[in-house]
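Peer 1: Quick one: the structure is below, questions incoming.
The values are calculated or read from the model by the stated rules, or taken from the named source; none is laboratory data. What you see is a predicted model, and the numbers here were worked out from it, not measured in a lab. We place every Cβ from the backbone using ideal geometry, glycine too, and count neighbours over all the protein chains shown. Ligands, DNA and RNA are excluded from the accessible area calculation, which covers all protein heavy atoms including side chains. Shrake-Rupley method; radii C 1.70, N 1.55, O 1.52, S 1.80 Å.
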Amino acid sequence: EDLATLPAIVAAPLGASVVYGQPDQGMVHVPVTEETKAEARDLLARMDGDVDAALALLDG
């Protein structure tokens with residue numbers, strides 16, 4: 001569940017916001033920009049599994 005933010009950022013349209021809770025921090029706001037999308041894609045690409053298939057689903 002901690003990593004659920006990554007696909008949410010990839011799937012969200014530019015200009016959207018992703019907000020999630022972080023323990024002992026409160027709410028975290030991530031504006032969806034080209035930069036945050038690229039960072040989320042990079043982190044997902046480092047994971048095991050069929051990353052290309054996952055990204056294809058997220059891209060619609």
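Peer 1: Which residues, taken from region 1-40, are open to solvent by less than 30 Å² (accessible area, probe 1.4 Å) and more than 21 Å from Ala56 (Cα to Cα)?
Peer 2: Answer for region 1-40, where residues must be open to solvent by less than 30 Å² (accessible area, probe 1.4 Å) and more than 21 Å from Ala56 (Cα to Cα): just Val30.
Peer 1: How many of the residues making up region 1-53 are of a type in the set (D, E, K, R) and in a helix (DSSP H, G or I)?
Peer 2: Here the count works out to 7.
Peer 1: Scan region 27-46 residue by residue and report those that are free of Cβ contacts under 8 Å to residues at least 24 places away in the same chain and either touching a Lys or Arg at 6+ places or on another chain (Cβ under 6 Å) or hydrophobic (A, V, I, L, M, F, W, C) (or both).
Peer 2: Passing the criteria: Met27, Val28, Val32, Ala38, Ala45.
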